[in-house]
Ligand code: FAD
């Protein structure tokens with residue numbers, strides 16, 4: 001058969017990394033990214049981009065750990081290369097602090113990040129309202145530069161990218177052999193997934209170059225994540241809220257909470273407010289499906305629903321989605337050679 005045509009719908013971190021993995025693992029395919037928005041207008045642009053996993057209750061922990069391990073290894077190699085600054089990837093050390101000792105003192109990802117250990121009494125003196133803490137080094141993506149770097153890699157691999165809103169995946173059946181759905185929260189409408197819901201997040205991106213360590217309250221609600229150019233201050237987790245408008249009283253609340261963890265932030269300047277909708281689900285939807293109408297079939301691979309942890313697991317889920325695309329291809333090639341017999 002001629003070069004199989006694969007369309008990836010979505011240009012957030014999931015769509016771009018999935019398209020890249022498909023181009024890398026299946027060089028015979030012609031890959032196209034179709035998306036109604038590209039960077040800087042995606043949820044992925046709003047994210048802090050810290051590699052600290054969020055737990056998906058419906059996905060086995062060993063699978064989540066594998067996705068995180070693969071993502072960490074991939075970004076660690078970039079952070080250790082000449083590409084690091086352009087890709088916006090860097091190591092960052094800091095603390096996760098708790099007001100009471102958590103039930104789970106060792107999270108499943110503790111041996112993937114670097115140097116994970118309980119904080120010393122001396123370190124805890126920095127946080128007089130907290131009794132327990134964990135120190136470690138992880139990776140952070142500066143999101144818009146990382147998305148642009150992925151787009152550059154895709155162009156270099158011959159992947160086409162077009163602005164297009166897809167109303168129905170079936171609309172692509174006459175142009176493409178396989179469709180990959182990486183529409184994030186857009187999948188709620190695109191495939192009518194009622195299990196997918198938004199968790200609104202408001203963050204502040206501030207200029208405070210003296211802040212070098214990350215600080216995260218153990219409940220994950222208040223965090224200070226220094227990037228290469230700006231520090232992300234968060235946040236909120238508002239289930240089922242679809243509003244993309246910043247709320248000024250929330251901005252003040254986030255700023256005050258972050259200043260109580262790091263008082264020097266009172267001197268932060270150039271405060272920009274961003275809002276994003278986390279595409280949340282009981283588990284990431286990573287599976288094959290075959291759409292069919294009047295005897296015509298369209299293989300689809302879904303890869304969406306990464307909630308609060310898309311950056312932390314994107315490379316692992318992209319690899320798995322590319323593997324599922326390989327299975328679809330094998331099935332297509334099998335049926336086209338049977339048809340010739
Ligand atoms: P998106 O980035 O939303 O991309 C979806 C793409 O699909 C877009 O390009 C959109 O235009 C396109 N699309 C949708 N519908 C259609 C359609 N019908 N036709 C064509 N195109 C369509 N994760 C971490 O791991 N670490 C963090 O520190 C972190 N911090 C976060 C902070 C905040 C405030 C928020 C909101 C999220 C954070 N996340 C974090 C989560 C992370 O941002 C998401 O998990 C991730 O961005 C999801 O990526 P995505 O590509 O699935 O979605």
Percent antiparallel among DSSP beta bridges confined to the chain, rounded to 5, stands at 70 percent
Would you calculate, for the chain, the mean residue ellipticity at 222 nm contributed by helices, counting each DSSP H stretch of 4 or more residues as -39,500 (n - 2.57) and dividing by all residues, to the nearest 500?
-> -9500 deg cm²/dmol
Percent relative contact order of segment 5-335, based on C-alpha pairs within less than 8 angstrom and at least six residues apart?
-> 26 percent
For segment 1-98, what is the convex hull volume of the alpha-carbon atoms per residue, in Å³?
-> 162 Å³
How far is the Cα center of segment 267-340 from the Cα center of segment 1-80, in Å?
-> 8 Å
When ranked by the protection proxy of mean other Cβ atoms within 10 Å per residue, highest first, what sequence do the peptides 51-58, 222-229 form?
-> 222-229, 51-58
Using a Förster distance of 22 Å, the FRET efficiency for residue 91-residue 117 (Cβ separation, nearest 0.05) | 0.85
Among the Cα-Cα pairs of segment 148-274, the proportion with separation greater than 17 Å, in percent, is 68 percent
Listing 140, 152 from the residue with the fewest other Cβ atoms within 10 Å to the one with the most, what is the order?
-> 152, 140
Evaluate segment 98-197: find the radius of gyration of its Cα atoms, find its Kirkwood radius, and give the ratio Rg to Rh.
-> 1.19
Return the FRET efficiency for the residue pair residue 291, residue 77: r is the Cβ-Cβ distance, R0 is 35 Å, and the value is rounded to the nearest 0.05.
-> 0.40
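Give me the extension gain from residue 41 to residue 171: residue separation times 0.36 nm, minus the current Cα-Cα distance, reported in nm with one decimal.
Difference between extended and current length: 44.4 nm.
Extension gain residue 129-residue 260, at 0.36 nm per residue separation less the Cα-Cα distance, in nm?
Length difference between fully extended and current span is 46.2 nm.
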Provide 138, 32 in ascending order of the number of other Cβ atoms located within 10 Å of each residue's Cβ, fewest first.
-> 32, 138
Values of log10 I(q)/I(0), in the order q = 0.09, 0.11 Å⁻¹, for segment 5-335 under a Debye, Cα-only, solvent-free model | -0.47, -0.69
Return a whole-number percent for the relative contact order of segment 66-152, with Cα pairs under 8 Å and 6 or more residues apart as the contact set.
-> 39 percent
How long is the gain from residue 242 to residue 194 if the chain were fully straight, where each residue apart is worth 0.36 nm and the alpha carbon distance is subtracted?
-> 15.9 nm
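Read the figures in this text as sums done on the coordinates, not as results from a lab. Computed from a predicted structure; not experimentally measured. In this analysis, Cβ positions are derived from the backbone assuming ideal geometry, glycine residues included, and neighbour counts consider all displayed protein chains.
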